[in-house]
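Data block below; observations after.
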Amino acid sequence: MRQCMATAEVPSGPLLLAILAGQGRVSDGELVDVPETARCELGLWHGDEHAAFVWDWEHKPTDALWARWTPDGTMRFESLTHCEAEGGADGDACTLYRDHSRDHSWNVVDPEMESLRRRVLAENAGLLAWLTRKRE
Ligand SMILES: [Zn+2]
Ligand SMILES: [Zn+2]
């Protein structure tokens with residue numbers, strides 16, 4: 001399943017307030033990690049609002065702060081518990097939140113990363129053939 005392509009600007013003031021409301025303080029060093037834009041991490045054609053991870057709580061490792069936004073760009077912040085379902089080819093834990101819509105993260109493919117992967121493979125087909133050829 002392909003990843004939703006929605007992006008949105010993250011309003012830094014409201015995000016900072018949401019972080020402070022959750023953990024009481026935030027250091028200047030940590031603020032470097034605050035994202036300026038959010039990219040929806042759900043699978044395409046999800047029914048809920050778009051959702052992107054924005055902040056790891058220092059006091060509550062089972063939860064994280066997520067940005068949720070509607071198609072008109074109205075964004076709110078919500079603390080959500082990790083999904084943690086395991087599966088996929090490598091038995092990875094899902095990086096989304098509990099009760100998210102659509103597929104778990106290991107089934108969601110970023111089309112940009114996928115096309116990059118294909119292009120790199122295509123451009124280096126000769127090299128790959130050389131690397132994987134049978135030695136005589
Ligand atoms: Zn979305
Ligand atoms: Zn999941």
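So VAL109 fits all but one of (1) closer than 14 Å to ARG2 by Cα; (2) aliphatic (A, V, I, L, M); (3) within 16 Å of ligand 1 (Cβ to nearest atom); (4) free of Cβ contacts under 8 Å to residues at least 60 places away in the same chain; what number is the exception?
So the condition that VAL109 fails would be (4).
With respect to the numbered conditions (1) within 16 Å of ligand 1 (Cβ to nearest atom); (2) polar (S, T, N, Q); (3) over 21 Å from THR37 (Cα atoms), which one is the sole condition not fulfilled by THR70?
(3)
Which count do you get for residues in segment 79-136 that are at negative phi and assigned to a loop (DSSP other than H, G, I, E, B)?
19
Identify all residues within segment 71-97 that are among the charged types (D, E, K, R) and at pLDDT 95 or above; write none if there are none.
We begin by selecting, within segment 71-97, every residue among the charged types (D, E, K, R); these are 72, 76, 78, 84, 86, 90, 92.
ARG76, GLU78, listed by residue number.
Could you grab me the full set of residues in segment 23-52 that are out of contact with any strand residue (DSSP E or B) (no Cβ under 6 Å at 6 or more places or on another chain), touching a residue at least 40 places away in the same chain (Cβ under 8 Å) and at negative phi? Even if it seems obvious, please write down each step before you answer.
Looking only at segment 23-52, we keep the residues that are out of contact with any strand residue (DSSP E or B) (no Cβ under 6 Å at 6 or more places or on another chain), and these are 23-34, 36, 43, 45-48.
Retained after the next criterion (residues that are touching a residue at least 40 places away in the same chain (Cβ under 8 Å)): 43, 45-48.
Once the filter is applied, which keeps residues that are out of contact with any strand residue (DSSP E or B) (no Cβ under 6 Å at 6 or more places or on another chain), touching a residue at least 40 places away in the same chain (Cβ under 8 Å) and at negative phi, segment 23-52 yields GLY43, HIS46, GLY47, ASP48.
Surrounded by 15 or more Cβ atoms within 10 Å (Cβ to Cβ) and closer than 26 Å to MET113 by Cβ: is that true of GLU49 in this structure?
Numbers: surrounded by 15 or more Cβ atoms within 10 Å (Cβ to Cβ): yes; closer than 26 Å to MET113 by Cβ: yes.
For GLU49, the condition - surrounded by 15 or more Cβ atoms within 10 Å (Cβ to Cβ) and closer than 26 Å to MET113 by Cβ - is met.
State which residue pairs qualify: first residue closer than 10 Å to TRP66 by Cβ and aromatic (Phe, Trp, Tyr) and inside segment 77-88, second residue assigned to a strand (DSSP E or B) and within 16 Å of ligand 1 (Cβ to nearest atom) in any location, beta carbons under 8 Å apart, and separation of 6 or more residues or different chains.
From segment 77-88, the pairs are PHE77/VAL54; PHE77/TRP66; PHE77/ALA67; PHE77/ARG68.
If I filter segment 30-44 for residues that are within 16 Å of ligand 2 (Cβ to nearest atom) and surrounded by fewer than 18 Cβ atoms within 10 Å (Cβ to Cβ), do I get at least one hit? First the steps, then the outcome.
Step one: of segment 30-44, the residues within 16 Å of ligand 2 (Cβ to nearest atom) are 40-44.
Then drop every residue that is not surrounded by fewer than 18 Cβ atoms within 10 Å (Cβ to Cβ), which leaves 44.
Within segment 30-44, one or more residues are within 16 Å of ligand 2 (Cβ to nearest atom) and surrounded by fewer than 18 Cβ atoms within 10 Å (Cβ to Cβ).
The values are calculated or read from the model by the stated rules, or taken from the named source; none is laboratory data. As the structure is a computational prediction, the values presented were derived from the model and not from experiment. With ideal geometry, Cβ positions are generated from the backbone for all residues, glycine too; neighbour counts draw on all protein chains shown.
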